[in-house]
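Since the structure comes first, as structure tokens, the remarks are kept for the end.
Coordinate-derived values only; no laboratory data. Since the structure is predicted, the reported quantities are computational estimates derived from the model, not experimental observations.
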């Protein structure tokens, strides 16, 4: 089999450990009122248009860029295992289309180990997305998630 379609060569991965219990991190990913507060890079306002959190269910978010342009993210949930993983198709129009996102959650005491994979259809597309700023963009999103979790954790103390 050619290396071109090797899964690891088509996948970009970010890992974080959040200083929050797994249940809270899971809720941040699965409840629309939470998603609207952290989804998207810094400086973007997110509106949840559709959120049918079930296998086969669709999700659609609108993000407003600081320059006033709208950015649409949408997909269909493929696999959901509570407190463990969420797999979904995903499009981030107009920059990225036809990928799969995988959010993996692992309990680590009162913290959560989190792995985020984006699987691309080809190795070339994966490299292109990495060069377009994949790591900086998603790192910004997960910084916002970390800030959201920190606020929520302090409210519950």
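Observations on the model:
- The stretch 56-88 and the stretch 98-124 have Cα centres lying 14 Å from one another.
- Largest GNM mean-square fluctuation among 143, 74, 110, using the chain with Cα springs under 10 Å: 110.
- Rounded tilt (10° steps) of 134-156 against the dominant C-alpha axis of the chain: 10
- Averaging the sequence gap over all C-alpha pairs within less than 8 Å and six or more residues apart, then dividing by the number of residues, gives the stretch 27-157 a relative contact order of 17 percent.
- Expressed as a fraction of 2.2 N^0.38 Å, the value expected for a compact globular protein of N residues, the C-alpha radius of gyration of the chain is 1.03.
- Between 57, 68, 43, the residue with the greatest mean-square fluctuation in the GNM of the chain (Cα pairs under 10 Å linked by springs) is 68.
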